[in-house]
1. Go through T22, T62, T56 for me and flag whichever is surrounded by 19 or more Cβ atoms within 10 Å (Cβ to Cβ) and in contact (Cβ under 8 Å) with a residue 40 or more places away in the chain.
2. I need the strands (runs of 3 or more DSSP E) fully contained in segment 27-138, keeping only those with at least 2 residues that are over 20 Å from the mean Cα position of the chain (by Cα) and at pLDDT 85 or above.
3. Can you pull out every residue in segment 247-274 that is loosely packed, with under 14 Cβ neighbours inside 10 Å and among the charged types (D, E, K, R)?
4. Residues of segment 170-206 being in contact with a Cys (Cβ under 6 Å, 6 or more places away or on another chain) and surrounded by 20 or more Cβ atoms within 10 Å (Cβ to Cβ), which ones?
5. Picking from L216, L212, L247, which residue would you name as being under 23 Å from A58 (Cβ atoms) and out of contact with any strand residue (DSSP E or B) (no Cβ under 8 Å at 6 or more places or on another chain)?
6. So which residues in segment 188-202 are at pLDDT 90 or above and in contact with a helix residue (DSSP H, G or I) (Cβ under 9 Å, 6 or more places away or on another chain), if there are any at all?
7. Check S182, S175 and return the single one that is of a type in the set (S, T, Y) and under 16 Å from L272 (Cβ atoms).
8. Which of the following residues is hydroxyl-bearing (S, T, Y), modelled with pLDDT of 90 or more and not in a helix (DSSP H, G or I): T205, T259?
Amino acid sequence: MDKRKIIEIDEEKCNGCGNCITGCAEGALQLVNGKAQLVKEQFCDGFGDCIGTCPTGALTITERDSDAFNKKATRENLLKTQGEEAVRRMDDAITAHDRGKHPPMPTAPPQHENGCPGTQMRMASSNSPAAKPTETSALTGGQMVRSDLEHWPIQLHLVQPTASFFNNKELVVLSTCAPIASADVHWRFIRGRSVVVACPKLDQTDPYVNKLAGILRNTTIPKVIVVRMEVPCCGGLSVTVQEALRLSERSDLVVEEVTVGLTGDILGSHLLSA
């Protein structure tokens, strides 16, 4: 037994979302009683792909005495428990690790019944009618406009970086205040796009860069639109996206920043660079 790098999980911080299980190509993690746990030390390669998927910062890499990573045993376990596709994903991850890069992310992450209900992916039916005014309760006598939101969750802490609703769509990174300030946000920005919501001032933002980088590694996303408020603190949202773009190692991604005024007017837009 030698000293080496290996994953460490802070159960106090773990919210049971299961994102790290999706992010681990070696199948080294499982949910046990609603908490992520390392199944077997020899299944963990210590590279830390799972860290960027964790919304709470519960995962870190530590260096301690441990059984060495056993590639053969890990491959056999994956074949037995998850099938040939999982083995191919592990082989791709090993190749990426050898090159010092992050491995490809899976396109269809599993759902975990013991995880937080707020992280369970939901998507609107493709047959849903276009947004239009509909009658509300007779008590109000008014009308409502149907939401253009097509998926759930939307909070950046809760989304899985590999969620299928990011595929082949532009991504909107939306400040939490913008849709309150502007009634046009849904049709102008959300319609036909995927969306994540975050507040750079009030959220626990430490995991946001790695989470967004994981999302942006999805090469089917052609563009990111940052919708921020004009207040200075909201600029942190654009900084986070720029840093995530750098970590994603993508040079083909277009990133646009749109600024919303306090009265809901669009004050301007411009392209951002990494």
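1. T22
2. Passing ranges, in order: 35-38, 59-66.
3. Residues satisfying the conditions are E249, D252, D265.
4. At the first step, the residues of segment 170-206 found to be in contact with a Cys (Cβ under 6 Å, 6 or more places away or on another chain) are 175-176, 201.
The answer is S175, and nothing else.
5. So the residue among L216, L212, L247 that is under 23 Å from A58 (Cβ atoms) and out of contact with any strand residue (DSSP E or B) (no Cβ under 8 Å at 6 or more places or on another chain) is L247.
6. Selection gives F189, I190, S194, V195, V196, V197, A198, C199.
7. Details: S182 fails: under 16 Å from L272 (Cβ atoms).
Of the residues listed, the single one that is of a type in the set (S, T, Y) and under 16 Å from L272 (Cβ atoms) is S175.
8. Going through T205, T259 in turn, the sole match is T259.
The values are calculated or read from the model by the stated rules, or taken from the named source; none is laboratory data. Everything numeric here is computed off the predicted structure, so don't read it as measured data. All Cβ positions, even for glycine, are placed from backbone atoms using ideal geometry, and neighbour counts span all protein chains on display.
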